[in-house]
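A.B. asks: Mind having a look at this structure? Questions to follow.
The values are calculated or read from the model by the stated rules, or taken from the named source; none is laboratory data. Computed from a prediction, not measured in an experiment: that's the story for all the values here. Here Cβ is always computed from backbone atoms with ideal geometry, including for glycine, and neighbour counts include all displayed protein chains. Note: accessible area is taken over every heavy atom of the protein model, side chains too, but ligands, DNA and RNA are not part of it. Shrake-Rupley method; radii C 1.70, N 1.55, O 1.52, S 1.80 Å.
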Amino acid sequence: MSAALLEARGIVKNYGHVQALRGADFSVEAGKVVAMVGDNGAGKSTLVKVLSGIEQPDGGEIRFEGQPVALASAARAHALGIETVYQDLALAPDLDPAANLFLGRELLRDGVLGRLGFLDNKRMQQRAEEAFADLGQTTVQQVTVPVASLSGGQRQSVAVARASAWASKVVFMDEPTAALGVVQASKVLDLIRRVRDQGIAVVLISHSMPQVFDVADRIEVLRLGQRVARFDPHEADMADIVGAMTGALEHGEASTAEPGGSSEQARQRGPSGQEDA
Amino acid sequence: MSAATGSDRTQPVTESRARRLRFLTDSTALIFLVLLALVAVFALVRPDAFASVNNVRNIFIGAATLLVIAVGMTFVIVSAGIDLSVGSVLVFSSVISIKVMTALGNQGWPVAIAGVAAGMAAGLAWGLLNGVLIAKARIPALIVTLGTLGAALGLAQIITGGVNLRGVPVELTEALGFGRVAGIPWLVVVAAVVTAIGIVVLRFTRFGRYTYAVGSNPEAARRAGVKVERHLIKVYALTGMLSGLAGVMSLARFSSTNIGGHLTDNLQAIAAVVIGGTSLFGGIGTVFGTVVGVFIPSVLQNGFVILRVQPFWQEVAVGVVLIAAVYIDQIKRRARERL
Ligand SMILES: Nc1ncnc2c1ncn2[C@@H]1O[C@H](COP(=O)(O)OP(=O)(O)OP(=O)(O)O)[C@@H](O)[C@H]1O
Ligand SMILES: [Mg+2]
């Protein structure tokens with residue numbers, strides 16, 4: 001079997017008449033950064049939502065540590081150690097960064113008060129400050145103002161800090177640097193490497209090819225709701241990837257007929273290995 | 001040296017901006033000042049009549065039931081919902097309460113307690129129904145509670161034949177209705193306890209945090225693992241139960257149901273919550289603000305009567321305050337989003 005930590009096989013997701021995913025495959029291994037790339041509307045965010053437990057697939061199989069799992073809710077995914085930075089960030093604008101970081105997993109006071117549901121705001125604020133400090137002091141100065149009053153980049157930092165603080169197995173980052181300045185974006189890339197070095201699987205979605213080549217251990221290309229190619233960034237170049245994204249390299253289509261195409265095989269066969277199986 | 005002055009200069013700027021922001025956010029402080037000013041004016045003009053112990057007591061008694069409802073309404077509106085059914089649920093609960101007490105013989109503490117429990121249970125049941133229809137069936141809260149507003153009042157009238165019922169045990173009227181502890185009427189004590197619990201729960205507990213989160217961005221709350229539907233059901237159930245409690249309080253005060261007397265309770269409660277700085281869009285608000293929002297209309301009314309101003313002016317004044325409160329909320333949101 002493959003060494004994939006989290007694996008999607010033939011995922012189908014329809015929104016009414018829109019087929020967002022048409023049998024998409026995807027896999028990521030512990031301690032690796034996999035970049036998921038594709039044109040707008042390719043289905044990247046939808047696949048992330050399915051693998052984060054907040055959208056239910058209409059078909060296909062999800063395997064976690066080799067076992068089939070049903071990710072019926074976000075809480076289920078969290079319990080497995082899967083965390084996500086959503087493209088729309090999914091923050092509560094009226095709550096402060098600390099409250100957002102701990103939303104759904106609040107720390108309670110000790111003793112009776114805790115059992116009555118009293119929050120330990122002080123401890124949450126301290127831990128939040130530590131988490132944000134990792135992303136550079138300038139990103140989030142105050143953990144006690146509403147998120148709505150932060151800049152777009154600061155909000156993105158809150159979402160990134162939240163996901164990386166909680167993830168123990170897999171973290172999805174759906175365009176985590178889209179709103180960030182150069183310095184902050186490189187901090188996020190540093191963070192991605194640090195998270196990976198802890199043995200956590202990182203899935204990075206980005207339209208920035210330099211970033212992808214900078215940090216990814218593997219590149220998977222999604223097109224029209226299917227994975228059409230996988231590349232080793234050391235052996236592929238930008239033209240290969242753009243070709244696969246736009247459909248110019250039609251050979252990539254074969255990958256979907258081969259749900260068992262594991263990461264090992266992919267790596268053995270090198271870049272764009274699927275076509276000549 | 002120059003680097004130090006540079007950072008010294010930026011620090012106060014961000015801080016004063018944060019403080020300005022917080023002041024804008026704190027429209028509760030503003031509205032509280034308005035209330036204090038009203039009280040001061042009336043007390044200065046007619047110290048004998050307005051500031052008398054009796055008059056103050058009357059203001060508080062008059063506000064007690066509305067306050068209990070409005071505490072529940074605060075949770076509902078912070079969760080970005082609305083509950084139009086509170087007044088009808090109050091009436092229905094008081095009818096169930098008195099029916100139960102009558103069936104048990106109209107006297108004695110056990111009967112009175114059974115009546116209180118029945119009234120609160122009836123309110124809770126309506127609240128649960130509201131919550132399930134809103135959260136699970138996903139029918140807009142405005143429509144669901146408009147429906148239960150009619151249904152609860154209609155059923156109350158069917159049960160009573162449209163005639164107000166008497167027969168409240170004297171124990172209940174003498175204690176909860178007219179009784180006092182240390183000079184403070186029991187009605188006011190009950191309302192104060194409910195309010196205090198409401199303030200603490202919304203501000204300091206996880207239940208309160210989820211109420212803000214669900215009102216602020218329900219999808220974000222869901223993705224964070226909050227059980228949004230279940231939380232909404234709890235919020236409406238809580239409000240229903242408080243309406244039931246208010247129904248019992250009203251029974252004890254008047255020794256009778258008051259079927260026709262609560263038609264505008266819903267609007268009064270919503271007005272109080274909004275005047276108190278809670279945003280109709282959800283995610284922002286405090287129970288303390290609601291307390292202020294309850295007292296502004298009742299102080300105005302009381303003061304106008306004492307000053308022999310036509311009491312209809314009270315409604316005009318409250319309308320103006322209400323619109324001003326929502327306007328401030330809009331400005332506040334725009335200012336915040338901008339920053
Ligand atoms: N909730 C939804 N309702 C209806 N259609 C949807 C929904 N979510 C996604 N889609 C559709 O599914 C397709 C894939 O969308 P998705 O957001 O996954 O693309 P993406 O690869 O993330 O694109 P981008 O790079 O622009 O973020 C699109 O055609 C989109 O319109
Ligand atoms: Mg997307």
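A.B. asks: Restricting to the range A:44-63, and then to whatever is within 13 Å of chain B (Cβ to nearest Cβ) and among the small types (Gly, Ala, Ser), can you tell me which residue is nearest to ligand 2 (Cβ to nearest atom)?
C.D. replies: Per the stated criteria, the residue is A:Ser45.
A.B. asks: Quick check, is B:Arg20 in contact with a strand residue (DSSP E or B) (Cβ under 8 Å, 6 or more places away or on another chain), in a helix (DSSP H, G or I), modelled with pLDDT under 95 and surrounded by 12 or more Cβ atoms within 10 Å (Cβ to Cβ)?
C.D. replies: Against the criterion (in contact with a strand residue (DSSP E or B) (Cβ under 8 Å, 6 or more places away or on another chain), in a helix (DSSP H, G or I), modelled with pLDDT under 95 and surrounded by 12 or more Cβ atoms within 10 Å (Cβ to Cβ)), B:Arg20 does not qualify.
A.B. asks: In addition: Select, from B:Leu307, B:Leu280, B:Leu267, the only residue that is within 25 Å of B:Ala221 (Cα to Cα) and open to solvent by 10 Å² or more (accessible area, probe 1.4 Å).
C.D. replies: B:Leu280
A.B. asks: So how many residues does the range A:99-135 have that are assigned to a strand (DSSP E or B) and within 22 Å of the chain's Cα centre (by Cα)?
C.D. replies: Qualifying residue count for the region: 0.
A.B. asks: What residue, of B:Ala252, B:Ala221, B:Ala246, is open to solvent by less than 10 Å² (accessible area, probe 1.4 Å), assigned to a helix (DSSP H, G or I), within 14 Å of another protein chain (Cβ to nearest Cβ) and hydrophobic (A, V, I, L, M, F, W, C)?
C.D. replies: None of the other options fit; the residue is B:Ala221.
A.B. asks: Check B:Val214, B:Val190 and return the single one that is at pLDDT 95 or above, out of contact with any strand residue (DSSP E or B) (no Cβ under 8 Å at 6 or more places or on another chain) and away from chain A (no Cβ under 14 Å).
C.D. replies: B:Val190
A.B. asks: Which one is surrounded by the most Cβ atoms within 10 Å (Cβ to Cβ), of the residues in the range B:85-126 that are among the β-branched types (Val, Ile, Thr) and more than 18 Å from B:Asn164 (Cβ to Cβ)?
C.D. replies: B:Val86
A.B. asks: Return the pair list, or none, for Cβ contacts closer than 6 Å from residues in the range B:280-291 that are within 12 Å of chain A (Cβ to nearest Cβ) to residues that are acidic (Asp, Glu) and part of a helix (DSSP H, G or I), at least 6 apart or on different chains.
C.D. replies: none
A.B. asks: What about B:Gly198, is it farther than 21 Å from A:Pro93 by Cβ and without any contact (Cβ under 8 Å) to a residue 24 or more places away in the chain?
C.D. replies: The answer is no for B:Gly198.
A.B. asks: Now a separate question. Of the conditions (1) of a type in the set (A, V, I, L, M, F, W, C); (2) away from chain A (no Cβ under 14 Å); (3) surrounded by fewer than 18 Cβ atoms within 10 Å (Cβ to Cβ), B:Val200 clears all except one; give me its number.
C.D. replies: (2) is the only condition that B:Val200 fails.
A.B. asks: Here's a follow-up. Tell me, which residue of the range A:47-83 that is without any contact (Cβ under 8 Å) to a residue 40 or more places away in the chain and of a type in the set (S, T, N, Q) is most open to solvent (accessible area, probe 1.4 Å)? Full working, then the answer.
C.D. replies: Going through the range A:47-83, the residues without any contact (Cβ under 8 Å) to a residue 40 or more places away in the chain turn out to be A:49, A:53-54, A:56, A:67-77, A:79.
Still in the list and also of a type in the set (S, T, N, Q): A:56, A:67, A:73.
Working: A:Gln56: 81, A:Gln67: 117, A:Ser73: 46 Å².
Among residues in the range A:47-83 that are without any contact (Cβ under 8 Å) to a residue 40 or more places away in the chain and of a type in the set (S, T, N, Q), the one most open to solvent (accessible area, probe 1.4 Å) is A:Gln67.
A.B. asks: I'd like to check something: does the range A:84-97 contain any residue that is within 22 Å of B:Leu202 (Cα to Cα), crowded, with 20+ Cβ neighbours inside 10 Å, away from chain B (no Cβ under 11 Å) and not polar (S, T, N, Q)?
C.D. replies: The answer is yes, given that some residue of the range A:84-97 is within 22 Å of B:Leu202 (Cα to Cα), crowded, with 20+ Cβ neighbours inside 10 Å, away from chain B (no Cβ under 11 Å) and not polar (S, T, N, Q).
A.B. asks: Please find, within the range A:138-154, the residue that is modelled with the highest pLDDT out of those that are more than 11 Å from chain B (Cβ to nearest Cβ) and not in a helix (DSSP H, G or I).
C.D. replies: Per the criteria, the residue is A:Val143.
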